[in-house]
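Novice: Following this message is one structure expressed as structure tokens.
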There are 2 protein chains.
Amino acid sequence: MLDRFLSPRRRRQIQRLMRNGKLTLFCLLLTVVVLRGNLGAGKFGTPEKDLDEIRETFSYIRRRAEPRRVLEEAKAAQRQQKSSSSTDASENGSNNYAEFDIGKILKDEDDGTEEFKRDPSLPYSLGPKISDWDKRRAEWLKRNPNFSNFMAPKKPRVLLVTGSSPKPCENPVGDHYLLKSIKNKIDYCRLHGIEVFYNMALLDAEMAGFWAKLPLIRKLLLSHPEVEFLWWMDSDAMFTDMAFEVPWERYTDHNFVMHGWNEMVYDQKNWIGLNTGSFLLRNCQWSLDILDTWAPMGPKGKVREEAGKLLTQELKDRPVFEADDQSAMVYILATQKDKWGDKVYLENAYYLHGYWGILVDRYEEMIENYHPGLGDHRWPLVTHFVGCKPCGKFGDYPVERCLKQMDRAFNFGDNQILQMYGFTHKTLASRRVKRTRNEMSNPLDVRDEHSLLHPAFKAVKVSTS
Amino acid sequence: MLDRFLSPRRRRQIQRLMRNGKLTLFCLLLTVVVLRGNLGAGKFGTPEKDLDEIRETFSYIRRRAEPRRVLEEAKAAQRQQKSSSSTDASENGSNNYAEFDIGKILKDEDDGTEEFKRDPSLPYSLGPKISDWDKRRAEWLKRNPNFSNFMAPKKPRVLLVTGSSPKPCENPVGDHYLLKSIKNKIDYCRLHGIEVFYNMALLDAEMAGFWAKLPLIRKLLLSHPEVEFLWWMDSDAMFTDMAFEVPWERYTDHNFVMHGWNEMVYDQKNWIGLNTGSFLLRNCQWSLDILDTWAPMGPKGKVREEAGKLLTQELKDRPVFEADDQSAMVYILATQKDKWGDKVYLENAYYLHGYWGILVDRYEEMIENYHPGLGDHRWPLVTHFVGCKPCGKFGDYPVERCLKQMDRAFNFGDNQILQMYGFTHKTLASRRVKRTRNEMSNPLDVRDEHSLLHPAFKAVKVSTS
């Protein structure tokens, strides 16, 4: 009736008001019901019956409003996609990323909750002592046959764990290399039936930096009893042999596998006698125990500083700096060999960790003379860019060398993926790819040179009954 | 002879000059040959014969230099292990990333192979026509029971495909958001037993930009017959409902699932009637056929430009710009409904794609009133940051709004992962996390609120006999 006197806009506003008016009325009604329920509440809050009524009512309102709301959201989406208005006035800034002050997203909000400060004089602990994990885990596995710890007779369920800081890198290219690094890991793990966990959360502020992996590893082992082996891998380590399958059977009687040399650890106590940038840890009581033994040197501040001095004193060639997890593990193994040694496998038959410095200049030679699947000096499983620190401000090596070589290592690994699909990088230094074969009318007969498309180590017999 | 009077460095410089001098002479020679060829050129440039000669000559030069170079590299590696010097004088730069000129890694090497230039007047093709894919795929699956296309009775094998440019982003934070985005996808896919393929290769230079997904998708379908559904997802789309499982059974009779509305596509021909930023495509002949139908508007240059004009003319509300894959699909469906429509499911019961503009300001409301697992407007499966373009220079929206909201969306999803382990972000804007429960001595009894630790949709019965 009033329509004639109203503009279309005003008309819509009133219609909306009336629609919302019905909704408002309903809400008022329900508030009364809830209040009533609360006033007459027992120990646990609103009586179930009232809650159910409320749920039903809202459900009814939603169902009635559904088609219209969906349509309106679609229209709102259309309008918003055309204009660039923002709901938050403070966000009406430039559309130009070059003009954007990164400080605006770097500063972190606080929710005002007090940071829990542990008494530093008390010994550090990763969590309450657990002593019967093997038994509990075995029981859980029995109750959960659909989350088996073995994917095939000789193939344990493996979780590869890696991560990086939740902050943007201090230098512009750092995040780009983190991105390439995780793509590289995704590729290897997809081929080998391994799951990936990328961590970006600091679970314990005291255990920051290289120590952050300890609380994370313990948490994941205990939360995922179905995982048989946890494979920790640094963000600066890349897979360069996509065809190499870890010889799981070799470690049947071992719980902790690191690249290293017995002599360098047990005899020399050399701080680089082993490497903790890429290691395998079995999900069992023994592992929880060694984690508990490992952690105490980690808490930052005085504890880590003092522990660092001890390690520099006790280990061969160690520079002066705060305690790191790698040195700590050398120390533990060297001083408690009887306790831990029999379950630790220091592997050097293949590069579970491969120091980049002696590998990256040989890629062309490897391509010329060898092939994927060897995992060792001829075709390293892992090329680990220790010391490059592309996410930070300073590395231990010239930046250009690090970045160029990281590109080459990435491409070296990526070529093994691309060849499955008939492509390869133009050079080991080039981002660009070129064809190695034409598209085929018989793609299933394609020559998959290293049998990576459907490799034996990925085959899993699933029961779909 | 002069050696006695020269420093080692100067000596090396002269040797290099002489080596290059021979090369320079060869190049001069070849330039003459090429010029001669050009002066006598036919319609398409240098006669084939001359080009072949040139290629052969360069190949010869390369082969002669090979063994000596490899040996020198090996020696250099040995020297390098001892010192931190670099083999390449240009890599003796600073260890300070802030001083590094990113241009040094941005420029891309060329291997000299000629870029294949397809005749643009001929119709574009993704590859040789395949007409019996269903039959061939079925045979392959029968022969390969350990690569089944179903993981469980109602659970198809799914491959999620995404990717980004192999170049570092034009702005510093772009790669950081790509990193968070892939972590987000890794998390969802791990929970749902879905594999991930992260692409960083441009398979076909003509199909650059949004069209790059077509050759990639076709390649992956044909290379992986075990994949039942390929799920394409843009790099600017994030999972915000970690608990929602796609209702695979709903699509038993469909091959192509996109978020959209029938009326907006078939009646209105609205260019945003559907979204190709997140869609499901079944691995079958029908899909190969629609890919072939889709591709022709893609080749960059005149074809894409002209196609863009047609699409702006034919579709509702479409702005003026070159042809994009989304508009092209609207056009195909709207004009060939009889041919394709019955196998296309335009889904809007949940947000297979959710436009960020109407979702991100409601996260707090969602947390207050709803819970994961709904997938729709109450708790969107996907929040898609269309138009933000964080990897580029300019977006369609203010930068600050985009980045802040992307942080919130990421944290909204990440909280659902963290809560499994007893943590949550301090606020939706904060990178930092806080505990929601203490470490427990009985971790297997933990209350996993949304049953995500060992969800039903991940359970797979493997046969380890």
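Novice: With respect to B:Val246, determine if the residue is β-branched (Val, Ile, Thr), assigned to a loop (DSSP other than H, G, I, E, B) and touching a residue at least 40 places away in the same chain (Cβ under 8 Å).
Specialist: Here the answer is yes, as B:Val246 does meet what is asked.
Novice: Return the residue satisfying two criteria in turn: it lies in segment B:329-355 and is assigned to a strand (DSSP E or B) and hydroxyl-bearing (Ser, Thr, Tyr), and of such residues it is farthest from B:Gly260 (Cα to Cα).
Specialist: B:Tyr355
Novice: Still on this structure: Restricted to segment B:400-431, and to residues that are touching a Pro at 6+ places or on another chain (Cβ under 8 Å) and within 7 Å of chain A (Cβ to nearest Cβ), which residue is nearest to A:Tyr97 (Cα to Cα)?
Specialist: Applying the filter and picking the extreme gives B:Leu403.
Novice: Please find, among A:Trp261, A:Trp271, the residue that is in contact with a Ser or Thr (Cβ under 8 Å, 6 or more places away or on another chain) and either surrounded by fewer than 23 Cβ atoms within 10 Å (Cβ to Cβ) or at pLDDT 95 or above (or both).
Specialist: A:Trp271 is the lone residue from the list that is in contact with a Ser or Thr (Cβ under 8 Å, 6 or more places away or on another chain) and either surrounded by fewer than 23 Cβ atoms within 10 Å (Cβ to Cβ) or at pLDDT 95 or above (or both).
Novice: Something else now. Determine whether B:Cys402 is part of a loop (DSSP other than H, G, I, E, B) and either buried (at least 24 other Cβ atoms within 10 Å of the Cβ) or in contact with a helix residue (DSSP H, G or I) (Cβ under 8 Å, 6 or more places away or on another chain) (or both).
Specialist: no
Novice: Kindly list the number of the only condition in (1) out of contact with any His (no Cβ under 8 Å at 6 or more places or on another chain); (2) surrounded by fewer than 19 Cβ atoms within 10 Å (Cβ to Cβ) that fails for B:Asn144.
Specialist: Status for B:Asn144: all satisfied but (1).
Novice: Need the failing condition index for A:Pro225 against (1) outside any helix (DSSP H, G or I); (2) within 14 Å of another protein chain (Cβ to nearest Cβ); (3) surrounded by fewer than 22 Cβ atoms within 10 Å (Cβ to Cβ), just the number.
Specialist: Answer for A:Pro225: the failing condition is (3).
Novice: Also: Between A:Met207, A:Met233, which is more than 11 Å from chain B (Cβ to nearest Cβ), surrounded by 21 or more Cβ atoms within 10 Å (Cβ to Cβ) and over 13 Å from the mean Cα position of the chain (by Cα)?
Specialist: Just a single option satisfies the conditions, and that option is A:Met207.
Novice: Which condition from (1) surrounded by fewer than 20 Cβ atoms within 10 Å (Cβ to Cβ); (2) in a helix (DSSP H, G or I) is the one that B:Gly387 breaks?
Specialist: Condition (2) is where B:Gly387 drops out.
Novice: For residues in segment A:441-465 being within 7 Å of chain B (Cβ to nearest Cβ), in a loop (DSSP other than H, G, I, E, B) and not polar (S, T, N, Q), which is farthest from B:Arg218 (Cα to Cα)?
Specialist: Of everything passing the filter in segment A:441-465, A:Lys461 is farthest from B:Arg218 (Cα to Cα).
Novice: Just to be sure before I move on: is B:Asp361 assigned to a helix (DSSP H, G or I), modelled with pLDDT of 95 or more and within 16 Å of B:His254 (Cβ to Cβ) in the structure I sent?
Specialist: no
Novice: Hey, another quick one. Looking only at residues that are closer than 20 Å to B:Leu126 by Cβ and not in a loop (DSSP other than H, G, I, E, B) in segment B:312-326, which one is farthest from the other protein chains (Cβ to nearest Cβ)?
Specialist: Among them, the one singled out is B:Asp325.
Novice: Within segment A:171-191, can you find the residues that are aliphatic (A, V, I, L, M), part of a helix (DSSP H, G or I) and within 7 Å of chain B (Cβ to nearest Cβ)?
Specialist: A:Leu178, A:Leu179, A:Ile182, A:Ile186
Novice: Could I ask something else about it? Determine which member of the set B:Ala429, B:Ala456 is among the small types (Gly, Ala, Ser) and without any contact (Cβ under 8 Å) to a residue 12 or more places away in the chain.
Specialist: Sole residue among the options that is among the small types (Gly, Ala, Ser) and without any contact (Cβ under 8 Å) to a residue 12 or more places away in the chain: B:Ala456.
Novice: Consider only pairs whose beta carbons are under 9 Å apart and that are at least six residues apart or on different chains; among these, list those whose first residue lies in segment A:147-170 and is free of Cβ contacts under 8 Å to residues at least 24 places away in the same chain and at the interface with chain B (Cβ under 7 Å from one of its Cβ atoms) and whose second residue is surrounded by fewer than 21 Cβ atoms within 10 Å (Cβ to Cβ) and polar (S, T, N, Q).
Specialist: Hits for this filter: A:Pro153/B:Thr464; A:Pro153/B:Ser465.
The values are calculated or read from the model by the stated rules, or taken from the named source; none is laboratory data. Bear in mind that the values here come from a model prediction, so they are computed numbers and not experimental data. Please note: Cβ atoms are built from the backbone with ideal geometry, for glycine as well, and neighbour counts cover all protein chains shown.
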